[in-house]
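These notes concern the structure reproduced below.
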Amino acid sequence: MTRSVFRFLSRQPDPVEIANATHLLRLPKTSDYRQWYQLRSESRAFLEPWEPTWRTDEMTESAFRTRVIRNEQEFASGQAVPLFIFLRGEDQLIGGLTIGYIRRGAAQCCMIGYWMGERYAGKGHMAQAVKLAIPYIFSSLQLHRIEAACIPENHRSIRLLEKAGFQREGYLREYLKINGQWRDHLMFSLISQDSVQPKNLSD
């Protein structure tokens, strides 16, 4: 199995990179706009059922620049680690994974959310990204618990979390407003002492 490589760099250009032989997770840059725009645009119908309603200016370069600045601020303040997922070698953007809602103090907890471009879905890429993120969260961020919420009909995401070792904890009524409607969600969690290296995952 490929050993994960963690590289922690200075604030410029990349504060953090998480990588193995095939995949790279790093913070977004403004120079990623063209790849992001192409991937999100071609995947819109695929992504919209699982995401908050896209704003009218969702795909503009100015909105993307604002998003990147907000990401940098959230990372610097310790609130979140928003990451883009790339295929190494090709330097091709294929999706994103956010480590968000980081709580310290007694909780030592976070939530993860993710998205994958349609043409890359179902090929194991998100499984690799989650596999990279889990040890980073528990070892580098030193958190105790990871949470993830899924719409009950999102069977692919549920299967991915279960194979990664997450356990189902509960049913949250009208938890998030997704695609214009308040949707029920299933809550999953993974605790540090229960985590193992996931094997044979598929997203």
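Brief remarks on what is shown
- Each of residue 62 and residue 45 was given a label point 7 Å from its Cα along the Cα-to-Cβ line. The distance between the two points is 3.0 nm.
- From most to least packed by mean Cβ count within 10 Å, the peptides 67-77, 184-194 give 184-194, 67-77.
- Length released on extending from residue 162 to residue 119, taking residue separation times 0.36 nm less the Cα-Cα span: 13.2 nm
- Compactness of the stretch 34-137 - radius of gyration and Dmax, Cα, Å: 14.4, 42
- Residues whose amide H comes within less than 5 Å of that of residue 175, counting only those at least five positions distant or on another chain, are 183, 184, 185 (H built at 1.01 Å from N in the peptide plane).
- Positive dipole terminus of the chain, leading residue within 56, 73, 164 (C-beta point charges): 164
- Residue-normalised accessible area of the chain, expressed per residue, 1.4 Å probe, Å²: 53 Å²
- The mean sequence distance of close C-alpha pairs (under 8 Å, at least 6 residues apart), as a share of the length of the chain, puts its relative contact order at 18 percent.
- Residue-span extension gain [residue 181 to residue 140] - 0.36 nm each, minus C-alpha spacing: 11.1 nm
- With Cα atoms defining each centre, the stretch 123-153 and the stretch 50-99 are spaced 17 Å apart in the structure.
- Across the accessible surface of the stretch 84-201, with the other protein chains kept in place and a 1.4 Å probe, carbon and sulfur atoms take up 44 percent.
- Electrostatic dipole magnitude of the stretch 85-203 [Cβ: Lys, Arg +1; Asp, Glu -1; Cα centre; debye, to 20]: 100 debye
- For residue 23, the amide hydrogen comes within under 5 Å of the amide hydrogens of 88, counting only partners 5 or more places away or on other chains and with H modelled in the peptide plane.
- For the stretch 87-102, Karplus couplings with θ = phi - 60° (6.51, -1.76, 1.60), whole Hz, Gly/Pro x: 7, 5, x, 8, 6, 9, 6, 10, x, x, 9, 10, 9, x, 6, 6
- Here the stretch 105-127 is scanned for amide nitrogen atoms under 19 Å from the site 7 Å beyond the Cα of residue 90 along Cα-to-Cβ, giving 115-127.
- Under 20 Å from the Cα of residue 163 - aspartates and glutamates, other chains or at least 8 residues apart: 147, 153, 194, 203
The values are calculated or read from the model by the stated rules, or taken from the named source; none is laboratory data. Values in this document were obtained by computation on a predicted structure and should not be read as measured data. Here Cβ is always computed from backbone atoms with ideal geometry, including for glycine, and neighbour counts include all displayed protein chains. Surface areas here come from the heavy atoms of the whole protein model, side chains and all, with no ligands, DNA or RNA. Shrake-Rupley method; radii C 1.70, N 1.55, O 1.52, S 1.80 Å.
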